[in-house]
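The values are calculated or read from the model by the stated rules, or taken from the named source; none is laboratory data. Given the structure is predicted, the values throughout are model-derived calculations rather than measurements. With ideal geometry, Cβ positions are generated from the backbone for all residues, glycine too; neighbour counts draw on all protein chains shown. Note: areas computed on protein heavy atoms with side chains; ligands, DNA, RNA excluded. Shrake-Rupley method; radii C 1.70, N 1.55, O 1.52, S 1.80 Å.
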Amino acid sequence: MRHKKSSRHLTKTHNGFTLIELMIVIAIAATLMSIAAPSFGNFVKKQRVEAAVSQFQSAVALARSTAVEQSKSVFIMPISGTNYSNGWLISTDEFDTYADCTECLAIHQLDSGSASSSEITGSHIEFTRDARLGSELIIQFCQTAGTAGTDVSIKKSGYVTKAIATTCGS
């Protein structure tokens, strides 16, 4: 008596993907990447601005605490020009410069092109020995080549707040 071959031996098993299946998967992945890439780039720009703002808030806190601790004025000055786009230095000498910083407490450089800031009136921010400012001040940090940004407001008391900027890029 002859036995019939079972149907499991008659079908072929597949051990991989066909070229068409692979091409479809690659096309779907490329489409998803083309949608996600611009959003990711914008996210990175926003995070660079947020990092600059956070570091600036830390600089203000250091300047205020040092002014009280040493009972003398402390200055936050732009590394170059009258804005903080390149970074800032914190010093107890208002005539210190980036090149010749004799009384520097800290120097913070921003990555090139990470954020831009608004101009300030005068050459520095001064915290008196009681950690106060002469007048309130707002510095705006914006994305380079973008419209998102953050306003950093420093009250006379030295209290720092931040808010979403509405005028960046305009």
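Summary of values
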quantity: Residues being under 21 Å from the mean Cα position of the chain (by Cα) and of a type in the set (V, I, T) - total across the range 114-130; calculated: 1
quantity: Residue that is touching a helix residue (DSSP H, G or I) at 6+ places or on another chain (Cβ under 7 Å) and either modelled with pLDDT of 90 or more or among the hydroxyl-bearing types (S, T, Y) (or both), where the choices are V74, V60, V68, V25; calculated: V74
quantity: Any hit, the range 29-47, residues being hydrophobic (A, V, I, L, M, F, W, C) and either surrounded by 14 or more Cβ atoms within 10 Å (Cβ to Cβ) or not in a helix (DSSP H, G or I) (or both); calculated: no
quantity: Filter pass, A99 being part of a loop (DSSP other than H, G, I, E, B) and in contact (Cβ under 8 Å) with a residue 60 or more places away in the chain; calculated: no
quantity: Number of the condition not met by D111 [criteria: (1) among the charged types (D, E, K, R); (2) at pLDDT below 90; (3) over 25 Å from the mean Cα position of the chain (by Cα)]; calculated: (3)
quantity: Search result, residues across the range 141-170 that are among the β-branched types (V, I, T), under 15 Å from the mean Cα position of the chain (by Cα) and modelled with pLDDT under 80; calculated: T144, T147
quantity: Unique residue being buried (at least 16 other Cβ atoms within 10 Å of the Cβ) and not basic (K, R) when the list is S114, S135, S123; calculated: S114
quantity: Test: A61 is touching a Cys at 6+ places or on another chain (Cβ under 9 Å) and either touching a residue at least 24 places away in the same chain (Cβ under 8 Å) or open to solvent by 80 Å² or more (accessible area, probe 1.4 Å) (or both); calculated: no
quantity: Selection count where residues are of a type outside the set (S, T, N, Q) and farther than 26 Å from D96 by Cβ, scope the range 122-168; calculated: 11
quantity: Identity of the residue in the range 143-155, out of contact with any helix residue (DSSP H, G or I) (no Cβ under 7 Å at 6 or more places or on another chain) and in a strand (DSSP E or B), that ends up least open to solvent (accessible area, probe 1.4 Å); calculated: S153
quantity: Flag for I76 being in a strand (DSSP E or B), β-branched (V, I, T) and open to solvent by 30 Å² or more (accessible area, probe 1.4 Å); calculated: no
quantity: Any hit, the range 127-134, residues being among the β-branched types (V, I, T), part of a loop (DSSP other than H, G, I, E, B) and either within 22 Å of K72 (Cβ to Cβ) or touching a Leu at 6+ places or on another chain (Cβ under 7 Å) (or both); calculated: yes
quantity: Residue that is buried (at least 17 other Cβ atoms within 10 Å of the Cβ), at pLDDT below 90 and part of a strand (DSSP E or B), where the choices are L89, L105; calculated: L105
